[in-house]
Amino acid sequence: MLAYLIRRIGQALLVMGVMATIVFFGLYTVGNPVDLLINPEDDLAAQEAAMARLGLDKPIHVQFGYFLAGLVQGDLGTSFVHNRPAIDLILSRLPATLELAFLAMALAVLIGVPLGMYAGLRPNAPASKAIMAASVVGFSTPNFWQGLMLIMLFAVFWGVLPAGGRGDTVDVLGIPLSFLTLDGLSHLILPALNLAIYKMSLVIRLARAGTAEVALQDYVKYARARGLSPVRVVGVHVLKNILIPVVTVLGLETGNVIAFAVVTETVFAWPGIGKLLIDSIGLLDRPVVVAYLMLTVFLFVMINLVVDIAYSVLDPRVRIRGGGK
Amino acid sequence: MTARADTPLARFAGDFVKSPTAVAAGIGLIVIALAAIFAGTVAPQNPYDLAQITILDGTLPPGSEGFDGFHYLLGSDEQGRDMYSAMIYGLRISLFVSFVAVGFAVMVGLVLGLLAAWRGGWVDGLIMRIVDIQLSFPALLVALLLLAALGKGVDKVILALILVQWAYFARTVRGAALVEIRKDYVTAARSLALPGWRILFGHLLPNVLPPVIVIATVQVANAIAIEASLSFLGVGVPITEPSLGLLIANGFDYLLSGRYWISFYPGVALLVTLVCINVVGDHVRDILNPRLSR
Amino acid sequence: MTAPVLSVRGLRTDFATRAGRLTAVDGVSFDVGPGEVLGLVGESGSGKTITGFSILGLIDPPGEIVAGEVVLNGQNLRGLPEDAMRRLRGDRIAMIFQDPMMTLNPVLRIDTQLIETIRAHRDVGREAARQMAEAALAQVGIPSPAERLRAYPHELSGGMRQRVVIAAALMLEPDLIIADEPTTALDVTIQSQILYEMQRLMAERNTALIWITHDLTVVAGLAHRVAVMYAGRIVEMGAVDDLLDRPAHPYTHGLIHSIPSATPRGERLQPVRGMTPSLLNLPEGCAFAPRCPRADAACKTRPEERRIGDGRLVRCHHPLESGA
């Protein structure tokens, strides 16, 4: 287990290094941030001073050397635009994204699993067909357009929910959270829903396929033969078995949620890391883009580990096999 | 040879028409593709010919008449472009980008996947390692960062899409090829020292094509969606060649003031296209892989 | 004779398949008395398992019970509302399935599955239910039951699992147990242990037992009476020794003579020729006629049940007269 962990972490470090290199040089070739950040009206001396301050006057391999040295120390450079350490900037925006992502995942599971199970248990019911058709549409609708349509309906036409922003937040342990205030929650609903719908469609498909398969198993018939209530049979015997694939796929999809949060945050002006990334790309704020990348790679590795652990908790057979080794 | 109904293609077509939904989606796709190809004739206006548009007709609601009596079926955008025409032209760009990208991605994936399966050893290890790493990241995010480095442009979007999609094909091709390689006739051919390319192209290629076709349909839909998302985020196609995604992005500002049609109709076109592809793709998968259908 | 625990009359269960409607259970009637073991014997596809599920009311679409009565202790179960039926299942009628590997839910612990069964039928607390479960495990000869309760099914051997399932069946002291080939998936030594255990427990408690099997040798040692099913119908029924010694139906005769141990050494085994017919196109009249050495023109009509001696029934136009 320990050897496995070390290997996983080693792999992750390698991936982070490769990605950092590609992105660093990639972004460098695009353009000179000086053009964006320095007032062209300034005299040459002022321009050079600014370049020196940002470290842009050095040759690229020297800059890359600084970058690597910083990376090892957990210093990902200073944002050209905000003049703050990039990592601080990202971390200050992270809670907003995580709040959004977690709520979206929760919605996807809490709504998607029951709908998928229903469709799996009653494949020929009209409601099941409607659920499956809706899931194809949910699967196919591009995220950003779906977000626009939510804004159009709820914010513009009906005027019941705000179109963007984060609303009031409450600090819990120093982390600002939206869902604890009514205003914050009203700002959170639409983006969370936007982020959730695609996952929900996926969960519906998984839950339906799993349920259809599990419902045919002997242990389900046996549970019924023991006189258990339908609620117990479906809610415990079937549910616990279909959760295994659902959790696995969802875990792997958590990374996708963070990726799609980029789109959702842009649509709803949600101040998370995704919006920060898009803004930073537009402004060629290189350190922030690189810091974002490093952080997401790190998150992905952690997520994969958590999925493996969750998997073994849900499936006792895996636990035994893992323990035996 | 003689009975035409027995060719794999005829059998495939026979299975396909059994599902009315799939047939409807297939017809929808053909109509969409024809509209995109013949955009010049189908669209009532060339939205990029400045002589044909006037800013005086800006943001007209659907069904309005312009100053010169032009009928704006789906309204107009802020430049006075007919949305219906802009949509058809946008569809053309979206489809062009994704089909070209998937086409190249299939080729790259085929070559590298077959190479990995055929050579094995460190070649296989290296290629599959890259595939694994790449597939562990969301395609949209990778494409976004690539374009952040590459800059805007139709060619660059295509390049980014190829770079994020080849891995799916490489993995599929390698898997299918490995199954085939273990069969006796390949071992026999190898021991006869037949040239490798004859086995590769004569035997392996036909066997790996069905799964590649299935993945390709899904990936065309993905490519369209990713391109649209990238253009919406402002790192995709340039303003001079607006795809559906860019049209939707342009309408975003007007949406908040209730002028929904600029974003709405291109989105519907996008959605219908994607649903049709996904329905057809699902059905093709069920036919080619009966094990998965239930 | 005491009143039967279960009395099945004219039971018929149909399945609507894509290829047409088929009758899996066709006019089945039998009684089981308290403490009695009825062996329900037949090849796979003969309708014996469907009969068991029909008694429990666990026939899912496209299947449907279309006719007949299932009377448990004087109460007709047919037409009983689903909720009342559910409360009978596992409580008054328990079922033991064939494969203990597949029967217990792999992701739930033994205690969870036993306790939920008790609490579905008895208004007891979790702790009391756990004690009942532990006692039930001890009763079927499971060592250190408290420990086994905390195990997951895959942590137990096949024989141990089947004991758990038997314990679950006995736990609530049902009137009737339906056991569907419960020992088929087990090793021979384990099989005989379980058979012995079942026999003891049934005698102790006076529970009625329907033992569904394809294996006549198991029935010979366990059952009091035997019903032989063929293509959805009971073709012969009677006391076990009488029936095995003097089979009246040619099919029963064939079954007995295809068992190696029943045939004297050196003599040829006589397998039943031909294949089990498809329920979708049964021959007219007697379903066994195409495979039957005694068949003639009369077999084109459906044979009715005939009484031949004490408690013996046969459904054949040309029954064998004496022991063959």
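The values are calculated or read from the model by the stated rules, or taken from the named source; none is laboratory data. Note that the coordinates shown come from a computational prediction; the quantities given were computed from them, not determined experimentally. Cβ atoms come from the backbone with ideal geometry, glycine included; neighbour counts cover every protein chain shown.
Only residues that are more than 7 Å from every other protein chain (Cβ to nearest Cβ) and among the hydrophobic types (A, V, I, L, M, F, W, C): list them for the stretch B:246-263, please.
B:Leu246, B:Leu247, B:Ala249, B:Trp261, B:Ile262
For the stretch B:79-161, which helices (runs of 4 or more DSSP H) that fit wholly inside it have 2 or more residues that are within 13 Å of another protein chain (Cβ to nearest Cβ) and surrounded by fewer than 23 Cβ atoms within 10 Å (Cβ to Cβ)?
Values: elements: B:83-119, B:121-135, B:139-150.
Correct list: B:121-135, B:139-150.
Within the stretch C:109-130, is there a residue that is touching a residue at least 24 places away in the same chain (Cβ under 8 Å), within 27 Å of the chain's Cα centre (by Cα) and more than 24 Å from A:Gly235 (Cβ to Cβ)?
Looking through the stretch C:109-130, none of the residues is touching a residue at least 24 places away in the same chain (Cβ under 8 Å), within 27 Å of the chain's Cα centre (by Cα) and more than 24 Å from A:Gly235 (Cβ to Cβ).
Only one of (1) of a type outside the set (Gly, Ala, Ser); (2) crowded, with 18+ Cβ neighbours inside 10 Å; (3) part of a helix (DSSP H, G or I); (4) in contact (Cβ under 8 Å) with a residue 40 or more places away in the chain is not met by B:Leu74, so which one is it?
Looking at each condition in turn, B:Leu74 falls short on (3).
State whether the residues of the stretch A:93-107 include one that is under 30 Å from B:Leu247 (Cβ atoms) and within 14 Å of chain B (Cβ to nearest Cβ). Outline the logic, then answer.
Taking the stretch A:93-107 first, the residues under 30 Å from B:Leu247 (Cβ atoms) are A:93, A:96-97, A:100-101, A:104, A:107.
Pick out the ones that are also within 14 Å of chain B (Cβ to nearest Cβ) and you get A:97, A:101.
Within the stretch A:93-107, one or more residues are under 30 Å from B:Leu247 (Cβ atoms) and within 14 Å of chain B (Cβ to nearest Cβ).
Suppose we filter the stretch C:1-33 for residues that are free of Cβ contacts under 8 Å to residues at least 24 places away in the same chain and out of contact with any helix residue (DSSP H, G or I) (no Cβ under 9 Å at 6 or more places or on another chain); how many remain?
Residues of the stretch C:1-33 that are free of Cβ contacts under 8 Å to residues at least 24 places away in the same chain, as a first pass: C:18, C:21.
With the extra rule that they be out of contact with any helix residue (DSSP H, G or I) (no Cβ under 9 Å at 6 or more places or on another chain), the set shrinks to C:18.
Looking only at that region, the number is 1.
Considering only residues that are among the polar types (S, T, N, Q) and at the interface with another protein chain (Cβ under 9 Å from one of its Cβ atoms), which ones fall in the stretch A:125-166?
Kept after step one, since they are among the polar types (S, T, N, Q), are these residues of the stretch A:125-166: A:128, A:135, A:140-141, A:143, A:146.
A:Ser140, A:Thr141, A:Asn143, A:Gln146 - these are the residues of the stretch A:125-166 that are among the polar types (S, T, N, Q) and at the interface with another protein chain (Cβ under 9 Å from one of its Cβ atoms).
Considering each of A:Leu252, A:Leu216 in turn, give the residue that is within 25 Å of A:Thr141 (Cα to Cα) and either aliphatic (A, V, I, L, M) or assigned to a helix (DSSP H, G or I) (or both). Steps first, answer last, please.
Details: A:Leu216 fails: within 25 Å of A:Thr141 (Cα to Cα).
None of the others qualify; the one that does is A:Leu252.
Please go through the stretch C:196-219 and pick out each residue that is under 14 Å from the mean Cα position of the chain (by Cα), assigned to a helix (DSSP H, G or I) and surrounded by fewer than 21 Cβ atoms within 10 Å (Cβ to Cβ).
Of everything in the stretch C:196-219, just one residue is under 14 Å from the mean Cα position of the chain (by Cα), assigned to a helix (DSSP H, G or I) and surrounded by fewer than 21 Cβ atoms within 10 Å (Cβ to Cβ), namely C:Val218.
Looking only at residues that are outside any loop (DSSP other than H, G, I, E, B) and surrounded by fewer than 16 Cβ atoms within 10 Å (Cβ to Cβ) in the stretch C:68-86, which one is farthest from the other protein chains (Cβ to nearest Cβ)? First the steps, then the outcome.
As a first pass, look at the stretch C:68-86 and keep what is outside any loop (DSSP other than H, G, I, E, B): C:68-72, C:75-76, C:82-86.
Then drop every residue that is not surrounded by fewer than 16 Cβ atoms within 10 Å (Cβ to Cβ), which leaves C:69, C:75-76, C:82-84.
Working: C:Glu69: 21, C:Gln75: 16, C:Asn76: 19, C:Glu82: 9, C:Asp83: 9, C:Ala84: 11 Å.
Selected residue: C:Glu69.
Tell me which of these A:Asn124 doesn't satisfy, since it passes every other one: (1) within 23 Å of the chain's Cα centre (by Cα); (2) not in a helix (DSSP H, G or I).
Evaluating A:Asn124 over (1) within 23 Å of the chain's Cα centre (by Cα); (2) not in a helix (DSSP H, G or I) leaves (1) as the failure.
Filter the stretch B:276-294 for residues that are over 26 Å from B:Arg81 (Cβ atoms), at pLDDT 85 or above and at the interface with another protein chain (Cβ under 10 Å from one of its Cβ atoms) and give the result.
B:Ile277, B:Asn278, B:Val279
Looking at B:Val173, is it over 21 Å from B:Gly109 (Cβ atoms), touching a helix residue (DSSP H, G or I) at 6+ places or on another chain (Cβ under 9 Å) and crowded, with 24+ Cβ neighbours inside 10 Å? Spell out how you get there, then give the answer.
Working: over 21 Å from B:Gly109 (Cβ atoms): no; touching a helix residue (DSSP H, G or I) at 6+ places or on another chain (Cβ under 9 Å): yes; crowded, with 24+ Cβ neighbours inside 10 Å: yes.
In short, no.
Can you name every residue in the stretch B:214-245 that is away from every other protein chain (no Cβ under 11 Å) and among the aliphatic types (A, V, I, L, M)? First the steps, then the outcome.
Taking the stretch B:214-245 first, the residues away from every other protein chain (no Cβ under 11 Å) are B:214-217, B:219-220, B:223, B:236-243.
Within the stretch B:214-245, B:Val214, B:Ile215, B:Ala216, B:Val220, B:Ala223, B:Val237, B:Ile239 qualify.
Report yes if C:Asp31 is of a type in the set (Asp, Glu) and either touching a strand residue (DSSP E or B) at 6+ places or on another chain (Cβ under 8 Å) or more than 28 Å from C:Ser157 (Cβ to Cβ) (or both), otherwise no.
Details: of a type in the set (Asp, Glu): yes; either touching a strand residue (DSSP E or B) at 6+ places or on another chain (Cβ under 8 Å) or more than 28 Å from C:Ser157 (Cβ to Cβ) (or both): yes.
Taking the combined requirement at face value, the residue satisfies it.
Residues that are surrounded by fewer than 22 Cβ atoms within 10 Å (Cβ to Cβ), without any contact (Cβ under 8 Å) to a residue 40 or more places away in the chain, more than 21 Å from C:Ala168 (Cβ to Cβ) and within 22 Å of the chain's Cα centre (by Cα): does the stretch A:190-208 have at least one?
No, there is no match, as no residue in the stretch A:190-208 is surrounded by fewer than 22 Cβ atoms within 10 Å (Cβ to Cβ), without any contact (Cβ under 8 Å) to a residue 40 or more places away in the chain, more than 21 Å from C:Ala168 (Cβ to Cβ) and within 22 Å of the chain's Cα centre (by Cα).
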